[in-house]
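Asks: The structure that follows is given in the form of structure tokens.
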Amino acid sequence: MKYLALLSLFVLFNACKVDKETVAKPNIILINIDDLGYTDLSFMGSEYYNTPHIDALAKSGMIFTNGYAAAANCSPSRASIMTGKWTTRHGIYTVGSSERGQSKYRKLIPTINTVTLAKTHRVISGILQRNGYQTIHAGKWHLSDSPLDYGFDINIGGGHNGHPKSYYPPYGNVQLKNSGKEYLTDLIMEYTIESLDSIDQPFFLNYAPYAVHTPIQPVDSLLVKYTNKTAWKGQNNPKYASMIENLDRNIGMLVSTLKRNRLFDNTFIVFTSDNGGLYGITQQQPLRAGKGSYYEGGIREPFFFVWEGNIEACSKNDVPITHLDLFPTLLQVAGIETEIHATDGINLVPLLRQKVTDIERPLFWHFPIYLQAYNVHNNENRDSLFRTRPGSVIRKGNWKLHFYFENNEMELYNLADDISERNNLVETHPKKVEELLVQLKTWWKGTNAPIPRERNREYDSRPKE
């Protein structure tokens, strides 16, 4: 009897221990805004947009001033977040066809694009699901017909579509029930909060609202405050501003829900955007260009992390980081062994906890296709016809090299002195060009990067008007 009593106490003690560990397992929220530019938030410097809730959340953690998207447009960026892999490994480079823009202006045959993320890839949602997490996707997915096939238990409005046909019902291509009046951003948050209120286990929420992607449709109740507001550094679109403030209001509701349910203190939160802001709708001065371009305005993002008791509040970091780092970082936070899951990113937890102060490594972008310009009369692209022509980019330290495949042309910038990428230093710094080009070519080889070389027979070499 004495042995049985001791055995019962041992079982009870260990059962309580497991429960305690389960409760202590941190929740994870990845907030990935669509087309939100680097300075589209007031805590990032904007004096036009109003984002008090996001500002307050950012001040609760660590802000990265050199945070980068994995790509300059949405599908490849999202695929790299989910897999932790360079775009060269999953083959998603753009939305739909890679033959963007008129054929007569394309000197090369672009690499064929992949439009659906292969199920052979290990994705962060599936790994977390297999390790005891309730997984929720809310909003834009854009990688397949359904996120439920990639380890999500709940799907709120996600599909292969890249944007809604309308933010007002009927939304067209976003399948969500509504009462006939909900703005889409509000409705997605309503369903998200319902899901969080019913959860009784650690959760991973991939909150990816369609906002602030086109169509630019204002929130009427917020529009009036921006109608006559003074423009700031190219930011002057009242309709877009109302969408940003409404998004901010919804994120405030999300944070309030976490605090009401006593979940905030045990939740690891990441905030970022999938690519730069849409140039012409917004601007990111002093950064050059916007979405679709591999100048800084197309890939540098608002990026911060919050984790109560683990990340110092009101802290800033200028170490360059990338979306690819999220995969190993989230696994580390969840207590999952990272070594068995191959990734091209780096675990940021030591940096977030200030155990280390720097990460020395190059960052790469590869875009072997074309992406046409939205407005040939108003842009800061390399040429007026395309936001991006086939090329690659490497950043190491403060140096950034652009390489273009059509004519093997290059641009070199020192971002410490020239964040606007206006002063091409290729001619004056040949040794730096050679150093970075060697590393870029080594990376091409190591990742089997497709290099477009075939000439387009329809190309018209005559000067463009």
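The values are calculated or read from the model by the stated rules, or taken from the named source; none is laboratory data. Quick caveat: nothing in here was measured; it's all calculated off a predicted structure. Cβ placement follows ideal geometry from the backbone for every residue including glycine, while neighbour counts extend to all protein chains displayed.
Asks: Out of all the residues in segment 100-116, which are surrounded by 19 or more Cβ atoms within 10 Å (Cβ to Cβ) and within 16 Å of Ala79 (Cα to Cα)?
Replies: Residue satisfying the conditions is Asn113 alone.
Asks: Given the residues Tyr413, Tyr374, which is the only one that is farther than 16 Å from Leu108 by Cβ, at pLDDT below 95, of a type outside the set (A, V, I, L, M) and not assigned by TED's automatic domain parsing to the domain that holds Gly292? Step through it out loud before you land on a result.
Replies: Values: Tyr413 fails: at pLDDT below 95.
Matching residue, one of Tyr413, Tyr374: Tyr374.
Asks: Return the only residue of Arg453, Arg395 being part of a loop (DSSP other than H, G, I, E, B), of a type in the set (Lys, Arg) and either within 17 Å of Ile299 (Cβ to Cβ) or outside the structural domain of Leu287 (by TED's automatic domain parsing) (or both).
Replies: Arg453
Asks: Another one. Can we say Ser77 is buried (at least 22 other Cβ atoms within 10 Å of the Cβ), closer than 26 Å to Leu351 by Cβ and assigned by TED's automatic domain parsing to the domain that holds Cys314?
Replies: On the way: buried (at least 22 other Cβ atoms within 10 Å of the Cβ): yes; closer than 26 Å to Leu351 by Cβ: yes; assigned by TED's automatic domain parsing to the domain that holds Cys314: yes.
Here the answer is yes, as Ser77 does meet what is asked.
Asks: Can you tell which of Val426, Val393 is on the phi < 0 side of the Ramachandran plot, over 24 Å from the mean Cα position of the chain (by Cα) and among the β-branched types (Val, Ile, Thr)? I'd like the intermediate steps shown before the answer.
Replies: Details: Val393 fails: over 24 Å from the mean Cα position of the chain (by Cα).
Selected residue: Val426, the only one of Val426, Val393 that is on the phi < 0 side of the Ramachandran plot, over 24 Å from the mean Cα position of the chain (by Cα) and among the β-branched types (Val, Ile, Thr).
Asks: Filter segment 1-49 down to residues that are in a helix (DSSP H, G or I), in contact with a helix residue (DSSP H, G or I) (Cβ under 8 Å, 6 or more places away or on another chain), modelled with pLDDT of 95 or more and not aromatic (Phe, Trp, Tyr), then give me how many there are.
Replies: 1
Asks: With (1) more than 17 Å from Leu287 (Cα to Cα); (2) buried (at least 22 other Cβ atoms within 10 Å of the Cβ); (3) acidic (Asp, Glu) as the list, and Glu421 as the residue in question, which single condition is left unmet?
Replies: Against the list (1) more than 17 Å from Leu287 (Cα to Cα); (2) buried (at least 22 other Cβ atoms within 10 Å of the Cβ); (3) acidic (Asp, Glu), Glu421 comes up short only on (1).
Asks: Something else now. Give me the pairs, please: first residue somewhere in segment 182-200 and of a type in the set (Ser, Thr, Tyr), second residue anywhere and assigned to a helix (DSSP H, G or I), beta-carbon distance under 8 Å, and either six or more positions apart or on two chains.
Replies: Tyr183/Asn246; Thr185/Met243; Thr185/Asn246; Thr185/Leu247; Thr185/Asn250; Thr192/Leu254
Asks: Can you tell me which residue is nearest to Leu258 (Cα to Cα) among those in segment 180-232 that are among the charged types (D, E, K, R) and surrounded by 13 or more Cβ atoms within 10 Å (Cβ to Cβ)? So that I can check it myself, show each step before the final result.
Replies: Taking segment 180-232 first, the residues among the charged types (D, E, K, R) are 181-182, 186, 190, 194, 197, 200, 220, 225, 229.
With surrounded by 13 or more Cβ atoms within 10 Å (Cβ to Cβ) added as a condition, the list becomes 182, 186, 190, 225, 229.
On the way: Glu182: 23, Asp186: 17, Glu190: 14, Lys225: 29, Lys229: 33 Å.
Ranking the candidates gives Glu190 first.
Asks: Mind checking whether some residue in segment 307-316 is within 30 Å of His402 (Cα to Cα) and in contact with a Leu (Cβ under 9 Å, 6 or more places away or on another chain)?
Replies: Looking only at segment 307-316, we keep the residues that are within 30 Å of His402 (Cα to Cα), and these are 316.
Narrowing the set further to residues that are in contact with a Leu (Cβ under 9 Å, 6 or more places away or on another chain) leaves none.
Within segment 307-316 (the criterion being within 30 Å of His402 (Cα to Cα) and in contact with a Leu (Cβ under 9 Å, 6 or more places away or on another chain)), the answer is no, since none of the residues qualifies.
Asks: Return yes or no: is Tyr133 surrounded by 16 or more Cβ atoms within 10 Å (Cβ to Cβ), in contact with a Pro (Cβ under 8 Å, 6 or more places away or on another chain), among the aromatic types (Phe, Trp, Tyr) and modelled with pLDDT of 95 or more? Show your work before the answer.
Replies: On the way: surrounded by 16 or more Cβ atoms within 10 Å (Cβ to Cβ): yes; in contact with a Pro (Cβ under 8 Å, 6 or more places away or on another chain): yes; among the aromatic types (Phe, Trp, Tyr): yes; modelled with pLDDT of 95 or more: yes.
The answer is yes for Tyr133.
Asks: Can you pull out the residues in segment 438-452 that are small (Gly, Ala, Ser) and surrounded by fewer than 13 Cβ atoms within 10 Å (Cβ to Cβ)? Even if it seems obvious, please write down each step before you answer.
Replies: Step one: filter segment 438-452 for residues small (Gly, Ala, Ser), giving 446, 449.
Gly446, the sole residue that qualifies.
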